[in-house]
1. I need the full set of residues from the stretch B:121-141 which are more than 10 Å from chain A (Cβ to nearest Cβ), surrounded by fewer than 19 Cβ atoms within 10 Å (Cβ to Cβ) and part of a helix (DSSP H, G or I), in order please.
2. Would you point out which residue out of B:GLY81, B:GLY96 is in a strand (DSSP E or B) and either under 28 Å from A:ALA213 (Cβ atoms) or facing another protein chain (nearest Cβ under 9 Å) (or both)?
3. Select from the stretch C:34-73 the residues that are among the small types (Gly, Ala, Ser) and more than 22 Å from C:GLN117 (Cα to Cα) and list them in ascending order.
4. Which ones in the stretch A:273-302 are small (Gly, Ala, Ser) and either in contact (Cβ under 8 Å) with a residue 40 or more places away in the chain or more than 9 Å from chain C (Cβ to nearest Cβ) (or both)?
5. Of all the residues that make up the stretch B:56-82, how many are closer than 21 Å to A:SER195 by Cα and among the hydrophobic types (A, V, I, L, M, F, W, C)?
6. Please indicate, with yes or no, whether at least one residue in the stretch B:189-202 is over 29 Å from B:ARG107 (Cβ atoms), part of a loop (DSSP other than H, G, I, E, B) and touching a residue at least 60 places away in the same chain (Cβ under 8 Å).
7. Could you look through the stretch B:37-59, keep only residues that are surrounded by 17 or more Cβ atoms within 10 Å (Cβ to Cβ), in a loop (DSSP other than H, G, I, E, B) and free of Cβ contacts under 8 Å to residues at least 60 places away in the same chain, and pick out the one that is nearest to the other protein chains (Cβ to nearest Cβ)?
Amino acid sequence: MFDSLGGAGRRHAALTVLIVVMIAVPPWLGSYYHFIAGLALINVIVATGLNLLTGNAGQISLCHSSFMAIGAYTTTYLFTKVGFYFWLALPAGGLLAALFGFALGFPALRLRGFYLAVVTLGFLEVTQILIEQIPSITGGVRGMQAARPPIFGMTLSSDLSLYYAILPVTLFGLWCAASLLNSPTGRAFNAIRNSEAAAQTLAIPLARTKIIAFVIAAFYAGIGGGLFATLVGFIDPIEFGVWTSIRHVVFIIVGGLGSVAGSAVGAIVLTVLPELLRGFKEYNEFVFGGLLLIVLIVLPNGLVGLWPMLLGRLRAFGWPIPGKSGA
Amino acid sequence: MSFFMIEGASVVFRGLRAVSSVGLSMDKGQIHGLIGPNGAGKTSLVNAISGLVPLAAGSIVLEGRELHHLAAHRIAAFGIGRTFQHAEIFADRTVGENVMTGGYAHRRSKLYQDLLGTWRKVTLERQVRAEAEAMLAAFGLLHLRDTFAGDLPFGTLKKIDLARALMARPRVLMLDEPTSGMNNVEAQDVIASCRRIADEFGVTLLVIEHNMRVIMGLAQIIHVLDHGEMIAEGTPSEVQKNPRVIEAYLGQGAAHA
Amino acid sequence: MTTAIFIQLLVAGLSTGSIYALVALGLVLAFKGTGILNFGQGELVTFGAYVALFFSAVMKLPYWQVFVLTLVVAALFGAALERGLIRPLMRAPAFTVVVATLAIGLMIKNALRLSWQESVATIPSPFPDSSIRLGSISINPNYLWITGCSLVIMALLALFFRSSLLGKAMRGVAQNQEAARLMGIRVNWIFSGTFAISTLIAALAGILLAPLIGIQAEMGGVILKGFVAAILGGFQSLLGCVVGGLLLGVLETFGGAYVGGTFKDVVAFVLLIVILLVRPHGLFGQAEARRV
């Protein structure tokens, strides 16, 4: 049923395994890793939204960190300064980010490829400047203090407890994305990426579809931003620059463009990997770059292609593996 | 007032008149052919009718409704469908998904239903999937349902394009070289499908073709374009004898099969 | 604003602009010649600067020798890079290649940072530090050197592509790889050559940039400005890169003087967005029509 995940059963299985891991593994890790796990979940949310926009709808966006920033500042401001209930402040942050996503959909109607990328980059620059220019709300360059949210009366002060509060949000986000890709809107996304002409002649409205994609992706990023602020406990505007945006694009490319499982796998692997490479000290970036390169040369379609590739190799060796061609 | 009427249509690209004051009218359920040498403006005319390219002058009316001011997707929703010279297939999607994408032209679930995966969306998907499979079966493509379209030969892609366009239940369907890339057997297959589409489902067809044997045997009325102008129209036998047409083709005519 | 200040700002703007133009040129050249959008181009600029630093500070060579040697080393490095790492990636989808070039850039940056731990890093300029005086205007000769050098190199490149056999072969490959192969052009060698030139240009930018901002591992950030310049120019032609880069440099410098430091970058982007919305293919680009 979920063939939007790429190759029917296979990726469905991958996602299931991943979800089980996400639920069961963290308590067994050291407390430092609880923080990383929470970060990974947040990156999954942002990556999923971005993948819908770029991997499926084919719209390049380099300002995702700005949407995160909008979500982060809004949620934290409403929670800490205005006194909103956190779990209401969070979607409010998402909605404000979505509003900006809506605005950014309009340049997308006229521009493509690098040109669109540059406009989104411009938006990012403008947002960064704005953040610095209204310190009364945002705390300017010095940043903003965030706090841990309460739930059912208790404050989620430990990283592990916050992880389990973020987890249902992430899972819900993944669910919605998978459902979307298996729906008229999802098919419209994939259609406009492949051929705008054909899409239009099948009664798919280009403008509406692109804008919807931006709005959804921005909402996801805003939610991710709000959660990020509360996990770290502090908002530093440096975190929301170009390289963060690029990092998220790397997540979805390494994971697999256009695939929900790819978003999850890419985000988790690339959040955890730098931590594992800490042992290499100064060489860690070098090793990271090298690993990235190797993965991309071997699996140009991302990590989700690993399983089908292995099965394909085994089949070539004569193993009796059932399967369809070209999957 | 005929079912589908085009009057004085002109298409201009940066000063080049691709189509000059072309008119044609079709009755419901008819099959018309649109022929002419390469560069005559056939595809440009079809592009303008489907709204992908602006109409510099003229009007397009379907069942009394003026369509030329509408956006392309609205024209499609109103019932004008088409296939493409180069098939315009969604290469990284499976054949099944390609065909399903056409199925939402007249029924859609709301965005929140799509996101949350409500019952409405699930049932709609099931319906469209079933219809797509029936359509694939009708074209003999069911075994390719889960194959990625990008891996397939051109002739097959043309069939997928046709199946996909039909899913949108068009009232007028314009086919751009539907038999290109096919051998004679496949071409006859497609022709039979076209006849069935017109007869059983009452779809009105406008077919661009270079294969003379195919189009002369299929269409009731043939329109001939040359250098953007309509130089002849009539029954196949009339058109084949028309000296202007023969001149335009430099003697290719019926020998070109 | 007095004439003196105007001229000084113009000169400064043109020189920063020429560096942007060079970065843009390297990007566009690699892209048109091989189809690869090299996101590691910024790191190649840094590479050029560090190689120059090596020849200057370690080997203690005079500026002119440093200049020439760095360009030669850069060209060889570029060709090796293409042969070794870029070639296997050519069959991959576009997005994948972009990330791969980012990864390569990351590795280069890290390697350079590790190989040069000392904080002091710059190369001596070819001219004495004192300014040239023309009436009431004082001009830093470095600016003139940067602008002049860049323009000369770009003119040489233009000549190369127009007249030389190799240049024409590169243009042929850029237009249609298949046809070029069928004509007997060794396309693979052309790819290496294109990357060699692209890296050489990047290294030149690095050498010229070094006296302005000093040599450090983060120099590669200039790639963003290079992208802006390339896009302003339409991402297609040599002339486009030059005009785009110079325009960006001048507007940025004047904008910074008028509006203040923080808004300098915004000026560039606002300009870009405005131009793109009005003329989506840049000043010199041509709309790519897709036939359906």
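1. Those that are more than 10 Å from chain A (Cβ to nearest Cβ), surrounded by fewer than 19 Cβ atoms within 10 Å (Cβ to Cβ) and part of a helix (DSSP H, G or I): B:THR123, B:GLN127, B:ALA130, B:GLU131, B:GLU133, B:ALA134, B:ALA137, B:ALA138.
2. B:GLY81
3. Kept after step one, since they are among the small types (Gly, Ala, Ser), are these residues of the stretch C:34-73: C:35, C:40, C:42, C:48-49, C:52, C:56-57.
If the condition is that a residue be among the small types (Gly, Ala, Ser) and more than 22 Å from C:GLN117 (Cα to Cα), then C:GLY35 is the only one that fits.
4. Listed by number, the residues that qualify are A:GLY279, A:GLY302.
5. Our first condition is that a residue be closer than 21 Å to A:SER195 by Cα; within the stretch B:56-82, this holds for B:70-82.
Then drop every residue that is not among the hydrophobic types (A, V, I, L, M, F, W, C), which leaves B:70-72, B:75-78, B:80.
Summing the residues that are closer than 21 Å to A:SER195 by Cα and among the hydrophobic types (A, V, I, L, M, F, W, C) in the stretch B:56-82 gives 8.
6. Within the stretch B:189-202 (the criterion being over 29 Å from B:ARG107 (Cβ atoms), part of a loop (DSSP other than H, G, I, E, B) and touching a residue at least 60 places away in the same chain (Cβ under 8 Å)), the answer is no, since none of the residues qualifies.
7. Going through the qualifying residues, I end up with B:LEU52.
Let's see how each residue does on (1) modelled with pLDDT of 95 or more; (2) under 16 Å from the mean Cα position of the chain (by Cα); (3) of a type in the set (A, V, I, L, M, F, W, C); (4) within 21 Å of B:GLY202 (Cα to Cα):
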residue	(1), (2), (3), (4)
B:GLY39	no, no, no, no
B:THR43	no, yes, no, no
B:GLY58	no, no, no, no
B:GLY64	no, no, no, yes
B:LEU67	no, no, yes, yes
B:LEU70	no, no, yes, no
B:ARG93	no, no, no, no
B:MET100	yes, no, yes, no
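The values are calculated or read from the model by the stated rules, or taken from the named source; none is laboratory data. The structure displayed is predicted, hence computed values, not measured ones. Cβ coordinates were reconstructed from backbone atoms using ideal geometry, including for glycine residues, and neighbour counts include every protein chain displayed.
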